[in-house]
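Visitor: Provided herewith is a single structure, encoded as structure tokens, for subsequent inquiry.
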Amino acid sequence: MSETTTHLPEEKARIGAPSIPGFTEEGENLSPLNDNASSLLGGDSTKGHSHGGGVGVVDSSRAGRLTSYNVEDFAPLTGREEDWRFTPLKRMGALHTAELTGAAPKVELLGSEVAQLSTVAADDKLRGVALKPEDRVSANAWKYAADASVLTLPKSQDAGHVRLRITGESKDAAAQHIVVVAEENSEALLILDHVGSAVLAQNVEFDVREGAKLTVVSLQAWEDDAVHASSQQASVAKDAAFKHIAVTFGGDLVRLAPSARFTGERAEIELYGLYFADAGQHLEHRLFVDHAVPNCKSNVLYKGALQGKDAHTVWVGDVLIRAAAVGTDSYEANRNLVLTDGARADSVPNLEIETGLIDGAGHASTTGRFDDEHLFYLMARGIDEKTARRLVVRGFLNEIVQQIGDDELQERLTETIEEELAATNN
């Protein structure tokens, strides 16, 4: 097991004195190198940090990531890019190069009489309010999406449990765009249930307006041959609460990129994830939380299990605390449990802080096998090793399952976990 953590448990930011050693109140003069114009890491090269350049390295700051609606603004992918070095491009179904003219998965609204589902033209003003493509696949999806499915959660109403069943029925490379508008003071639990077969580049945007409370469960329960690349971006307004839970089991290759940006104070973002990779599967999750305004909170926790030859999971978490985001409280963590030989988990937590005036910030990552002490404890009480192993895995993942808040889905996921464990006799 390995873990990296940065945290301020008690010390509070205060005017006139930095809370983090080496930081000024404004978070600008991070190093003496900044005054050395002759240094490759100092002088003018550092000034691009908050404007898109980073410290002497192009795009080393998450704030400097290229965003564009034009796919031609993104260079062709080679697999050597930092954001794509873990992704097997040959298995991407040409989503980054092809004309995405296949039939998009069918979208159906289930389980709510309050929520409203409609279809709008590709140039509708609702499209692009909360999302701007950050990579070539997302921009390609933007270009080829013929229309957008818009789910509206009405103002000051509790829409209850809402389900969008997204059914893939074609293996031709396709693009899809979904917009979710959570109007002021609305409340809902939304399940995006991806099933069937597809080769899909997808953009999903969540416009979470003032005072709204939106929980989203993005469930990737595809057939084994599916390829799914999805950018899911949220804009979270003042006093709003946004919880996003990614659950990924199905598909040959799934690459999910949930992002959430604060646009108003006293808002809260929670990003959770659960994934279980079998032999040959590639499951990748890349997160971004953008603290751009003061006095907001975020929490990120992803847990994954892997088993079988060439099972591969990737988790990359980025949290950016901008200079204006005083009073921020943020933490991110990823935990991976490797069940068999031949499986690989890559985990990269990133934390970028531009101000010392925060309540707390930290990140952690662990990857390892079963805890022998846990197994010994259970087996010493008469539980056989096979059952003990299943109990450990079930308990490890159940922390995320319990975040969902939908009894039917939680039961479904528990059964899926048991099926996964039975597949390789773990």
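Visitor: So what is log10(I(q)/I(0)) for region 71-369 at q = 0.12, 0.17 1/Å, when the Debye sum runs over its Cα atoms only?
Guide: -0.75, -1.50
Visitor: So who's got an amide H within less than 5 Å of the one on Ser365, skipping anything under 5 residues away but keeping other chains? H placed 1.01 Å off N, in plane.
Guide: Thr4, Asn334
Visitor: Show me the ranking of peptides 304-314, 130-140, 410-420 by mean Cβ neighbours inside 10 Å, starting with the highest.
Guide: 130-140, 304-314, 410-420
Visitor: Run the simple label-point estimate for Leu109 and Ala423 please: 7 Å along Cα→C-beta, distance reported in nm.
Guide: About 3.4 nm, to one decimal.
Visitor: Provide the gained length on full extension for the span Val129 to Leu391, in nm with one decimal, where the gain is 0.36 nm per separating residue minus the Cα-Cα distance.
Guide: So the chain would gain 89.9 nm between Val129 and Leu391.
Visitor: Given the C-alpha atoms of region 149-307, compute the convex hull and give its volume per residue in Å³.
Guide: Details: hull volume 13.8 nm³, N = 159.
Dividing the Cα hull volume of region 149-307 by its residue count gives 87 Å³.
Visitor: While we're here: Could you calculate the FRET efficiency of Ala94 with Arg381 from 1/(1 + (r/R0)^6), where r is the beta carbon distance between them and R0 is 45 Å, rounded to 0.05?
Guide: Calculated transfer efficiency: 0.25.
Visitor: Report the local net charge at Val348: Lys and Arg +1, Asp and Glu -1, summed over other residues whose C-beta lies under 12 Å from its C-beta.
Guide: -4
Visitor: With a ≥ b ≥ c taken as the square roots of the eigenvalues of the C-alpha gyration tensor of region 189-270, please select rounded if a/c is under 1.5 and otherwise prolate if a/b is larger than b/c or oblate if it is not?
Guide: prolate
Visitor: Would you calculate the convex hull of the Cα atoms in region 363-419 and tell me its volume per residue in Å³? All intermediate terms of the calculation are to be shown ahead of the outcome.
Guide: On the way: hull volume 6.2 nm³, N = 57.
It is 109 Å³ per residue.
Visitor: Would you mind checking which residues have amide H under 5 Å from Ala305's amide H? H placed 1.01 Å from N; only 5 or more apart, or other chain.
Guide: Answer set, sorted by chain and number: Tyr275, Phe276, Ala277, Leu337.
Visitor: Let me ask something else about it. So who's got an amide H within less than 5 Å of the one on Val216, skipping anything under 5 residues away but keeping other chains? H placed 1.01 Å off N, in plane.
Guide: The answer is Leu190, Lys243, His244, Ile245.
Visitor: In debye to the nearest 20, how big a dipole does region 71-369 give about its Cα centre with +1 on each Lys and Arg Cβ and -1 on each Asp and Glu Cβ?
Guide: My answer is approximately 360 debye.
Visitor: Suppose the Debye formula is applied to equal point scatterers at every Cα of region 285-426; what is log10 I(q)/I(0) at q = 0.15 Å⁻¹?
Guide: Evaluating at q = 0.15 Å⁻¹ gives log10 I(q)/I(0) of -0.85.
Visitor: Can you tell me how region 329-383 classifies by the Cα gyration tensor, rounded, prolate or oblate, using a/c under 1.5 as the rounded cut? Show your work: numbers first, answer last.
Guide: Details: a/c = 6.63, a/b = 2.09, b/c = 3.17.
Oblate is the answer for region 329-383, as a/c is 1.5 or above yet b/c matches or exceeds a/b.
Visitor: Got a sec to turn the phi values of region 349-361 into Karplus ³J(HN,Hα) couplings, 6.51 cos²θ - 1.76 cosθ + 1.60 with θ = phi - 60°, whole Hz, x for Gly and Pro?
Guide: x, 10, 9, 10, 10, 10, 9, x, 8, 10, 7, x, 7
Visitor: Here's another thing I want to ask about it. Tell me, what ³J(HN,Hα) does each residue in region 126-136 have, in order and in whole Hz, if you take phi through Karplus 6.51 cos²θ - 1.76 cosθ + 1.60 with θ = phi - 60° and put x for Gly and Pro?
Guide: 5, 7, x, 5, 10, 9, 9, x, 10, 8, 5
Visitor: Using only Cα atoms, what Kirkwood radius does region 153-209 have, in angstroms?
Guide: The answer is 12.7 Å.
Visitor: Say the cut-off is 20 Å between C-alpha atoms; which of Lys90/Lys171; Lys90/Lys143; Lys213/Lys297; Lys171/Lys303 go over it?
Guide: Over 20 Å apart, Cα to Cα: Lys90/Lys143; Lys171/Lys303.
Visitor: Let me ask another. When the Kirkwood hydrodynamic radius is evaluated over all pairs of different C-alpha atoms of region 92-143, what value in angstrom, to one decimal, is obtained?
Guide: Mean inverse Cα-Cα distance, inverted, gives 13.6 Å.
Read the figures in this text as sums done on the coordinates, not as results from a lab. For clarity, every value in this text was computed on a predicted model and none was experimentally measured. All Cβ positions, glycine included, derive from the backbone under ideal geometry; neighbour counts span all protein chains shown.
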